[in-house]
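J.: The structure's right below; bear with me while I get my questions together.
Where a number appears in this text, it was derived from the coordinates with a stated rule and is not lab data. Predicted, not measured: the structure shown is a model, and the values here were computed from it. Reconstructed Cβ throughout: ideal geometry from the backbone, glycine too, with neighbour counts over all protein chains shown.
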Amino acid sequence: MPDLLIELLSEEIPARMQARAAEDLRRLVTDGLVEAGLPYAHAQAFATPRRLALAVEGLAPRSRPRREERRGPSTTAPEAAIQGFLRATGLTLDRLERRADRKGETFFAVLEHPGREAPEIVAEVLERAIRTFPWPRSMRWGTGDLRWVRPLHSILCLLSDEGGAQVVPLSVDGLAAGATTRGHRVHAPAPFAVSGFEDYERRLGQARVVLRPAERAARIRHDAAQLAFARGLEVVEDEPLLAEIAGLVEWPVTLMGPVEEDFLHLPPEVLQTSMREHQKFLSLRNPATGRIEGFVTVANLEAADGGAAILAGNRRVLRARLSDAAFFWDNDLRTARAGMAEWREGLRAVTFHNRLGSQRDRVGRIAALAREIAPAVGADPDLAAQAAEVAKLDLRSQMVGEFPELQGRMGRHYARAAGLPEAVAAAAEEHYAPLGPSDTVPTAPVSVAVALADRIDTLAGFWAIDEKPTGSRDPFALRRAALGVIRLVLANGLRLPLAPVLAAHGPRLGAAGEAFDAAARADLLAFLHDRLKVHLRERGIPHDVIDACLATPGADDLARLVRRAEALAAVLSAPEGADLVRLYKRAANILEQAEAQDGVEYSFGADPKWADHESERILFAALDAAEPAVRSALEAEDFAGATAALARLRGPLDGFFEAVQVNTDNAVIRRNRLNLLSRIRALALGLADLGRIEGGRSESGQAA
């Protein structure tokens, strides 16, 4: 079976587009081959700055013949309909079949499609892939109408097997497919022919082109580490930057240079960000001091002077860039040491939302909220409020204006420069965390208070103006804010009932706060509960267990809610737990039907003296023992103990249902048994609404 090799050689492809482009080439070609009836064994795609390549192994030599039947119009249909069907199928009337059905006779066309040779199919599929390639941006050049990300220079398309290789006949916009490619633009620009993928990759290597992106990245990583180690430094890990650099070069040559002494006083993150954003340099850190003292740049060629001229040019540009950073840093430090009043006032000119005021208004709300919730998180209220007041001030700094990704980190530096307590400085950076599901959650009390206040204000504000997420639309990242609240609460084990917090925060929202009424607050809590379900489902807790626990009072205390759900989930994971749910549902259904039928609520008066069967007396005794144990455990918030105590009713309750008929003809005994079941229902509802647990068997009012 033949193998297929495709290469599309062009001018430089932007690094950020290469991985997606390689995958798109693989998808378009392999999907097209399969749709045309040409299966294959394996395919892999590659990208360098100048080329996309695809290797397909085990391709079928030709497609299989296939038979197709098409239903046409009725034999009595108008002539125009019949002629249209003939044109669509390419047949004549005498070649159509007449078949009887319930409505009479219908024309059918039977089309025989012979198998097609692989070269014909490959040419058709590849041309379509090239002409419809989904580049984010593309261009035309010359006089043709082909669009590509950059001018396309050549197409290599080979089918090879044991008998040799053949070029697939193909021409796209004047570019005829061939068996040749080119190597490195400087080191090996001459064309050369290849005979298959292994020969292609080997000869590219000889022509100073590393085809595989992962191999280029690994080479850069290794060489950079070796250069750094020789100088007693270490490479600052930055995988996204490494992947981007690997997309900028076909033949990576690492070069190392120092950061000049004039700039070593800059914070490490400033140096690293400036070098990464402006010049795609990897940073080198002194492990003894934590300072960034060097850089690694990656050239795309082996220079005769060992890269000295390249380094010299890079150092000149770096000096200019770092001079700008030093200017911003020095100016910002002067403002910080003066108390940051200029930045504080500047926040008034920054609109947070036209219905929620300025950033200065928002900072005031966050500070008041942080002060309020500080005791619940173990923070000093004054420090929490102070931290909230300064947490956003670095947004007005020149450094963050140049590098927005440094917000928070620069805030910590400026707070320290202003002489503020370390807890306040730390909160300026840490209150932004967690940013995502895998991000670290802050644990310092002041940082936690400000982080929670920030997110709660965001959620309350946008709920007040009815700007809630809808479907996949979430322009204000409110789902992320909700997940942040959940992770902050759970990771720190915080006992923070949210309902009173939200109620107290409404008036701080000004005019918008009038709409943040009880209904809006309940809707926001429901949104938080929905995000909590998603979060806990990843931890193995089913959504119906959360629903069962949400039916209990105090569900706005997320930490307590989760502990309750974890305890219930642990019991329900065992067969005994499933039996308990089944029996509870049976008892609850019997009660509901009886109460609906009789028009009364059975909730008082169960008395063991009216028990006329041993199973009833056993259940009474078990319930008398379980009630104080469950309630005592619930008061102590020992949800595992409460669940275990409730689970001990399973045996007696099962025996009761096996032995007696609840809805007996004796009215006194019936009422007593219903009130007994009501005690069980009330006791269980103190832990969770087990009726919301999915599965189990829902019983009617009679028991054997």
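J.: Would you please put 564-574, 326-336 in order of how densely packed they are, using the mean number of other Cβ atoms within 10 angstrom per residue and starting with the highest? Spell out each step's value before the answer.
T.: Values: 564-574: 20.5, 326-336: 17.4.
So the peptides 564-574, 326-336, ranked by packing, come out 564-574, 326-336.
J.: Next question. log10 I(q)/I(0), Debye, Cα-only the chain, no solvent, q = 0.09, 0.10 Å⁻¹?
T.: Debye intensities relative to I(0), on a log10 scale: -1.03, -1.07.
J.: Helix by helix, which DSSP H runs in the chain go 24 Å or more along their axis at the Cα atoms and have an average Kyte-Doolittle hydropathy of 0.5 or more?
T.: Once both thresholds are applied, what remains is 445-464.
J.: Between the stretch 1-56 and the stretch 243-314, what's the alpha-carbon centroid distance in Å?
T.: 33 Å
J.: Just order 392-402, 232-242 by mean Cβ neighbour count inside 10 Å, highest at the front, would you? The partial results should precede the final answer.
T.: Values: 392-402: 21.6, 232-242: 15.9.
Descending mean neighbour count gives 392-402, 232-242.
J.: Quick one: putting +1 on the C-beta of Lys and Arg, -1 on the C-beta of Asp and Glu, what dipole do you get for the stretch 308-422 around its Cα centre, in Debye to the nearest 20?
T.: Numbers: 18 positive and 14 negative charges, 77 e Å.
Dipole of the stretch 308-422, to the nearest 20 debye: 360 debye.
J.: Taking the Cα centroid of the stretch 391-437 and of the stretch 577-651, what is the distance between the two, rounded to the nearest whole Å?
T.: 56 Å
J.: Can you tell me the Rg and Dmax of the stretch 1-123, counting just the alpha carbons, in angstroms?
T.: Computed over the Cα atoms of the stretch 1-123, radius of gyration and Dmax are 21.8, 64 Å.
J.: Any lysines with Cα under 19 Å of the Lys533 Cα? List them, leaving off those in the same chain fewer than 8 positions away.
T.: In chain and number order, the partners are Lys468.
J.: Give the peptides 657-668, 580-591 in descending order of average Cβ contacts within 10 Å, highest first.
T.: Highest to lowest by the protection proxy: 580-591, 657-668.
J.: Give me the number: length gained by fully extending His543 to Arg67, i.e. 0.36 nm times residue separation minus the C-alpha to C-alpha distance, one decimal in nm.
T.: 166.4 nm
J.: For the stretch 213-337, just run the numbers: alpha carbon Rg, then divide by 2.2 N^0.38 Å, N being how many residues it has.
T.: Values: Rg = 14.7 Å, N = 125, 2.2 N^0.38 = 13.8 Å.
Here the answer is 1.07, to two decimals.
J.: Taking other Cβ within 10 Å of each residue's Cβ, how do Ile456, Ile292 sort, fewest first? Write out the running numbers ahead of the final one.
T.: Working: Ile456 27, Ile292 24.
In increasing order of surrounding Cβ atoms, one gets Ile292, Ile456.
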